[in-house]
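The values are calculated or read from the model by the stated rules, or taken from the named source; none is laboratory data. Quantities reported herein were computed from a predicted structural model and do not represent experimental measurements. Cβ: placed from backbone, ideal geometry, glycine included. Neighbour counts: every protein chain shown. The protein model used for the area step is the full one, side chains on, heavy atoms only, and it has no ligands, DNA or RNA in it. Shrake-Rupley method; radii C 1.70, N 1.55, O 1.52, S 1.80 Å.
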Amino acid sequence: MSAAPRLNIWHPFTQAHVDPPPLPILRAEGAYLYTTDGRRIIDAISSWWVNLHGHCHPHIAKAVAAQAEKLDHVLLAGFSHEPVERLTRKLSRFVPAALTNIFYSDDGSTAVEVALKLAIQYWTNRGRRDKQEIIALDHAYHGDTAGAMSVSADCGFTAPFFRLRFPVHRVHSAYCARCPVGKRRSECVIDCIQSLRTTLEQSSDLIAAMIVEPLLQGAGGMIVHPVEFLKEIRRLCDQYEVLLIADEVLTGFGRCGKMFACEIAEVVPDLMCISKGITGGFLPLGATLCTEVVYKEFSGEGRTFFHGHSYTGNPLACAAAVANLEIFEIENVWERIDAIAALHRQRLAHFSSHPDVLEIRQLGTVAVIELKAEDAGYFSMVKPRLYQFFLERGVLLRPLGHVIYVLPPYCINSEDLNLVYDVIQEAIGSVRSCAMT
Ligand SMILES: Cc1ncc(COP(=O)(O)O)c(C=O)c1O
């Protein structure tokens, strides 16, 4: 027996004394993870939503290996390099044309921190020092650093840090299954937007920006908003001179059926955060984009944006991101996305009248089955049982409490995706009934 390690790995979102021990993974390929004891697991959540085209895609692997031979890293302050310039050129073909400038960082949380700081300094640089506050939605999740946590929802994740989190204006989310104003979708005219309207009427002079996960709130429960909700947010932000930050960290890069979720609503944000899928799951990288209107307020003496991370614009991450975006150009990615969306639609339909299901929802490649639960929420008792049930059947699904979602890499074949649904079908009912006893 080997000696106990002196240094223990502290796994995220894990309670070491209660949760099962972590599964050791040896390798991965396409939609599969392979355990050290020879099991094959379908990665039906794209390893926390980062993997786009499948694990270890050879095109990205080659690009990273080639880049590692040439330039590993150089600081981006006062220096530039080919991978970051190629990535910027490549991204400019994918992102909304109105977004003209990009600030690189490390991950989704830092992309959000940058957006919040840019929004506040934008107004300061314009001589509006009073505009310092932020509006955020109920059920939001924007990351785990202090600023990102502040704009994320008040919940079990953020509760211990109440002193660290800066106060925000919290407004309703369009969570139709649990409507905050007690309406049915069929009879509503996006009435939940009224809380935003009231906040803006009362406080817009103090507000720098509103941050949203456009159309799909991820970790808060995979909540899909009506398109009109996002459109109205944009309109109100314009009317009240408040910047709109779209956090596309989850929704970007085809996840929702278009390159970015904002495009579905034909909305252009003032600032946009991207990360997760940008490198196809190879290396961490984040970025915040902004319009020329925002950028121009940062030019001139005393207007510098003093922010930068050591690994900003890392050449290996940029090379991975370029190759990842090239796959959209050289493979039939959009056909795959459409095929996943069609299969989701077909299989989800069977769950809509299930007695244990509160609501089914879908946006592009993201499918959601919200169960009825008395202890609804991330800490629902049903979650660990479902998680274990899925894993034992060779499927990685990590329900958000009572909310089961499927968010596969685009390379998943229909046989595997059908199997994922077969396992979910088996789970609902059997796991639920034992969880309740
Ligand atoms: C919408 C959104 N924003 C930001 C983040 C934070 O990203 P990261 O975990 O890379 O810091 C996440 C992570 O899930 C996210 O879903």
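Each part reduced to its alpha carbon centroid, segment 265-333 and segment 366-384 end up 33 Å apart. The value of relative contact order for the chain, using C-alpha pairs under 8 Å at least six residues apart, is 22 percent. Principal axis analysis of the Cα atoms in segment 197-266 yields extents of 36, 24, 18 Å, listed in decreasing size.
When the convex hull of the Cα atoms of segment 18-73 is projected onto a plane and the area is averaged over all directions, what value comes out in nm²? Kindly include the intermediate steps, with their values, before the conclusion.
Details: hull surface 22.6 nm².
Result: 5.7 nm².
Under a model in which nothing but the beta-carbon of Lys, Arg (+1) and Asp, Glu (-1) is charged, segment 1-48 shows a dipole of about 120 debye around its Cα centre.
With a sphere of radius 11 Å drawn around the Cβ of Glu370, what net charge do the other residues whose Cβ falls strictly inside it have (Lys, Arg +1; Asp, Glu -1)? Walk me through the intermediate numbers first.
Working: positive: Arg178, Arg361, Lys372; negative: Asp356, Glu359.
Local charge sum for Glu370: +1.
The gain in end-to-end length when the Phe157 to Arg345 segment is fully stretched comes to 64.5 nm, 0.36 nm per residue minus the alpha carbon separation. Under 10 Å, Cα contacts only: if you run a Gaussian network model on the chain, which one of Asn51, Asn418, Asn314 comes out with the highest mean-square fluctuation? Of the options given, Asn418 has the highest mean-square fluctuation.
What is the pair-distance distribution P(r) of segment 304-437, computed from all Cα-Cα distances in 10 Å bins starting at 0, with each bin given as a whole percent? That works out to 11, 35, 25, 18, 10, 1, in percent per bin. For the peptides 346-355, 120-129, residues were scored by their other Cβ atoms within 10 Å and the scores averaged per peptide; the highest-first order is 120-129, 346-355. When peptides 229-236, 13-20 are sorted by average Cβ neighbour count within 10 Å, with the highest value leading, the order is 229-236, 13-20. Using alpha carbons only, how many angstrom separate the centre of segment 166-186 from the centre of segment 45-120? Cα centroid of segment 166-186 versus Cα centroid of segment 45-120: 33 Å apart. Using a probe of 1.4 Å, the accessible surface attributed to Ser47 totals some 40 Å² when neighbouring protein chains are kept in position.
Cα-Cα pairs above 11 Å in segment 130-175: how many percent? Spell out each step's value before the answer.
Working: 659 of 1035 pairs.
In whole percent, the long-distance tail amounts to 64.
Once the Cβ-Cβ distance between Arg86 and Ala16 is put in as r, and R0 is 45 Å, what FRET efficiency do you end up with, to the nearest 0.05?
Details: r = 42 Å, r/R0 = 0.94.
Step by step, r from the Cβ atoms, then E = 0.60.
In segment 161-280, the ratio of gyration radius to Kirkwood radius, Rg to Rh, stands at 0.96 when only Cα atoms are counted.
Using the Cα coordinates of segment 149-207, the gyration tensor eigenvalues translate into equivalent-ellipsoid semi-axes of 25, 18, 6 Å, sorted from longest to shortest.
For the chain, the C-alpha radius of gyration divided by 2.2 N^0.38 Å, with N the number of residues, is 0.98. Where Rh is the Kirkwood radius over the Cα pairs of segment 1-148, the temperature 25 °C and the viscosity 0.890 mPa s, what D in µm²/s does Stokes-Einstein return? D = 122 µm²/s. Taking label positions 7 Å along the Cα-Cβ direction at both Asn418 and Ala77, the computed distance is 5.7 nm, reported to one decimal. Scaled against 2.2 N^0.38 Å for its residue count N, the alpha carbon radius of gyration of segment 93-198 is 1.26. The mean accessible area for residues of the chain, using a 1.4 Å probe and ignoring ligands and nucleic acids, is 46 Å² per residue.
Taking label points 7 Å from Cα along the Cα-to-Cβ direction, Glu241 and Lys296 give a separation of 1.6 nm.
Within the accessible surface of the chain, defined with a 1.4 Å probe on protein heavy atoms only, the carbon and sulfur portion equals 55 percent. As a ratio to 2.2 N^0.38 Å, the alpha-carbon radius of gyration for segment 293-366 is 1.93. Under the rule of -39500 (n - 2.57) per DSSP H run of 4 or more residues, summed and divided by the residues of the chain, what mean residue ellipticity at 222 nm is obtained, to the nearest 500 deg cm²/dmol? So the calculated ellipticity at 222 nm is -10500 deg cm²/dmol. Here the peptides 238-248, 31-41 are ranked by packing, the mean other Cβ count within 10 Å, and the order with the highest first is 238-248, 31-41. Sorted largest first, the principal axis extents computed over the alpha-carbon atoms of segment 29-111 equal 48, 33, 23 Å.
Each principal axis of the Cα cloud of segment 323-400 was evaluated for its coordinate range; sorted largest first, these ranges are 47, 25, 22 Å. Of the two radii for segment 218-305, the radius of gyration is 1.01 times the Kirkwood radius, both from the alpha carbons; that is the Rg over Rh value.
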